[in-house]
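Just so you know, all these numbers are worked out from the coordinates, no wet-lab data involved. It should be emphasised that the depicted structure is a prediction, and the values quoted were computed from it without experimental measurement. We place every Cβ from the backbone using ideal geometry, glycine too, and count neighbours over all the protein chains shown.
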Amino acid sequence: MVGLTEIEVKYSRPSMRGREIFGNLVPYDKIWRTGADNSTKISFTTDVIIDANKIKAGTYSIFSIPKQDEWLVMLYSDVELWGVPRNWSDDKIVFSSTYKVNKINPVETFTISFNDLTNNDVNMSISWENSSVDVKIEVPTRSMVEKDISNVLNDNPKASDYYAAAVFYRQENINLSQALLWMNKAIEMFENPRFYHYRQQSLLMAANNKFSEAIDAANKSLNDAIKADNQGYIK
């Protein structure tokens, strides 16, 4: 999961087995299935952004044209394919962009991995032999969560709803003054605020330059954490 978006890749994993891969087994300047056997497929449960291009939710085949220093990576609308289709159609290319090749330590078996994960984006790395390319995929987590927060807070919200909204806004650095109002409301509504509630409140107070109040909230958090013997908060 990347934020609220599920991204799934299905692919076969050929191995080098002593063979030279790029420029030999996988020729340069020709369309490659980016894997083996059936076409490699990627699915998104929400719309995503790749290299400033909006890609609709759905499933696509991944094809590429490797070169020595860069790859053209493409998403193709047909997915029930064995390798590169004989009747290739440029009209079915949903997305294409060029990516720099990174030189890496040898990778025996073809690998697609997801790295540098945040709530809002992830890098998809395609790696084999001594080459790797990174495709950044952005997801609309912020807009989706903001919409959900608005709906929840306008429908008889609980203390935990205000707290969750405030924490998300703080983590994403969104409207920190509003986040502090929500956090204060949550603290008021909780029957017995816990040390982690006060910890988050102190962080938001500091972010709003209310340093004296932030210190008071931090001390409450520390004292309650000591009573609860929670070592993670006793620092």
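What does the charge add up to near ASN184, with Lys and Arg as +1, Asp and Glu as -1, over the other residues with Cβ less than 12 Å from its Cβ?
On the way: positive: LYS185, LYS210; negative: GLU188, GLU213.
Overall, the nearby charge balance is 0.
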Which residues in segment 93-110 place their backbone N less than 11 Å from a point set 7 Å from the Cα of SER15 along the Cα-to-Cβ direction?
-> 108-110
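Segment 152-186: which trypsin sites (Lys or Arg not before Pro) are DSSP loop and have at most 14 other beta-carbon atoms within 10 angstrom? Write out the running numbers ahead of the final one.
On the way: sites: LYS158, ARG170, LYS185; in loops: LYS158.
Hits after loop and neighbour filter: LYS158.
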Of the listed values (1) 1.38; (2) 1.33; (3) 1.14, grab the one calculated as Cα Rg over 2.2 N^0.38 Å from the structure here.
-> (1)
Whole-Å distance linking the alpha carbon centroid of segment 125-143 with that of segment 5-25 is 15 Å
May I ask for the distance between the Cα centers of segment 61-113 and segment 32-51, given as a whole number of Å?
-> 9 Å
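For a Förster distance of 30 Å, can you work out the FRET efficiency between the beta-carbons of ASP216 and ASN115, rounded to the nearest 0.05? Walk me through the numbers on the way to the answer.
On the way: r = 40 Å, r/R0 = 1.35.
Plugging the Cβ-Cβ distance into 1/(1 + (r/R0)^6) gives 0.15.
At a Förster radius of 35 Å, what calculated FRET efficiency corresponds to the Cβ-Cβ distance of ARG194 and ALA57, to the nearest 0.05? Mind dumping the intermediate values first?
On the way: r = 38 Å, r/R0 = 1.08.
Approximately 0.40, to the nearest 0.05.
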Give me the log10 of I(q) over I(0) for segment 177-222 at q = 0.16 Å⁻¹, as the Debye formula computes it from C-alpha points; what are the numbers?
-> -0.34
Most exposed to least, judged by fewest other Cβ atoms within 10 Å, TYR28, TYR196 sort to TYR28, TYR196
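Could you sort the peptides 215-226, 98-109, 6-17 by per-residue average Cβ neighbour count (10 Å cutoff), highest mean leading? Before the final figure, lay out each step's value.
Values: 215-226: 17.1, 98-109: 12.3, 6-17: 13.9.
Put in order of decreasing packing, that is 215-226, 6-17, 98-109.
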What length, rounded to one decimal in nm, is gained on full extension from LEU25 through to ILE104, with 0.36 nm per residue of separation minus their alpha-carbon distance?
-> 26.6 nm
Extent along principal axes [Cα atoms of segment 27-155; Å; largest to smallest] = 58, 36, 23
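Order of LEU176, LEU81, LEU204 from fewest to most other C-beta atoms within 10 Å? Numbers along the way, then the final one.
Numbers: LEU176 20, LEU81 17, LEU204 24.
The order, fewest Cβ neighbours first, is LEU81, LEU176, LEU204.
Between rounded, prolate and oblate, where does segment 34-82 land on the alpha carbon gyration tensor, with a ≥ b ≥ c its root eigenvalues, rounded for a/c under 1.5, else prolate if a/b exceeds b/c? Write out the running numbers ahead of the final one.
Values: a/c = 2.89, a/b = 1.17, b/c = 2.46.
It comes out oblate by the Cα gyration axes.
Let me spell out the model: positive unit charges on the Cβ of Lys and Arg, negative unit charges on the Cβ of Asp and Glu, origin at the Cα centre of the chain. What dipole size does that give, in debye rounded to 20?
Details: 26 positive and 30 negative charges, 59 e Å.
So the magnitude is around 280 debye.
To make sure I understand, if each residue's beta carbon is the centre and we count other beta carbons within 10 Å, what order do ASP90, ASP78, ASP121 fall in, fewest to most?
If I rank by nearby Cβ atoms, fewest first, I get ASP90, ASP78, ASP121.
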In whole Hz, with x marking every Gly and Pro, tabulate ³J(HN,Hα) for segment 61-66 from phi via Karplus 6.51 cos²θ - 1.76 cosθ + 1.60, θ = phi - 60°.
-> 8, 9, 10, 8, 10, x
P(r) of segment 141-233 over all Cα-Cα pairs, binned every 5 Å from zero, in whole percent = 3, 15, 24, 23, 18, 10, 6, 1
